[in-house]
Amino acid sequence: MKSLLAGGCLCGAVHYSVQDEFVYALNCHCSNCRRATGAAFKPFAGIERDKLRITQGQDDVSIFGDAQATHDVHCGTCGSLLFSVVRDGEYAHVTLGTLADAPSIRPTAHIFVGSKAPWYSITDDLPQYDEFE
């Protein structure tokens, strides 16, 4: 049986749990992910949306985007990007940095490297893709 992982925001207002059953994990270098995280790229893991739930602080959640479609879920207090709802609401992209527990999956590739930050050099041997299908 897979374990349940805990995650949350910087200030502790919002907590979530997610099953350790991620389908994929990637490092996204697109400009939107860089702006959303303030980092060179966003390491994330994808999972079916129904395998993730907010366990504390639902009233502190802030949605950026279309709440009925693709959107980002942030803490409304500290602004931490917790996860993104994608693929017609069927999947969530959990930002790996917000997990308190270590997932069993690791990123397997870099995506959108065609628009990566010019000041950042990728130094690992993972495959690199200019875009993502």
Quick one: if the Förster radius is 22 Å, what FRET efficiency do SER115 and ARG87 give, using the C-beta to C-beta distance and rounding to 0.05?
0.60
Can you pull out the trypsin sites (Lys or Arg not before Pro) in region 1-109 that DSSP calls coil and that have at most 15 other Cβ atoms within 10 Å?
LYS2, ARG87
Want the number for CYS11 to HIS71: 0.36 nm per residue separation, take away the alpha-carbon distance, what's left?
19.5 nm
Whole-Å distance, taken between Cα centres, linking region 11-48 and region 99-133:
12
Does a label point 7 Å from the Cα of ARG49, set along Cα-to-beta-carbon, have any residues of region 58-96 with amide nitrogen under 15 Å, and which are they?
63-74, 83-94
If I take every Cα pair under 8 Å that is 6 or more residues apart in the chain, average their sequence separation and divide by the length, what percent do I get for the relative contact order?
29
If ASP124, ASP101 are placed from fewest to most neighbouring beta carbons inside 10 Å, the sequence is ASP124, ASP101
Given only helices, namely DSSP H runs of n ≥ 4 each adding -39500 (n - 2.57), what is the per-residue ellipticity at 222 nm of the chain, to the nearest 500 deg cm²/dmol?
-1500 deg cm²/dmol
For the chain, average projected area of the Cα convex hull in nm²:
8.1
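Throughout, read-outs are computed from the coordinates displayed, never taken from laboratory work. Because the structure is predicted, anything quoted here is derived from the model rather than measured. So basically every Cβ, Gly included, is an ideal-geometry build from the backbone, and we count neighbours across all protein chains shown.
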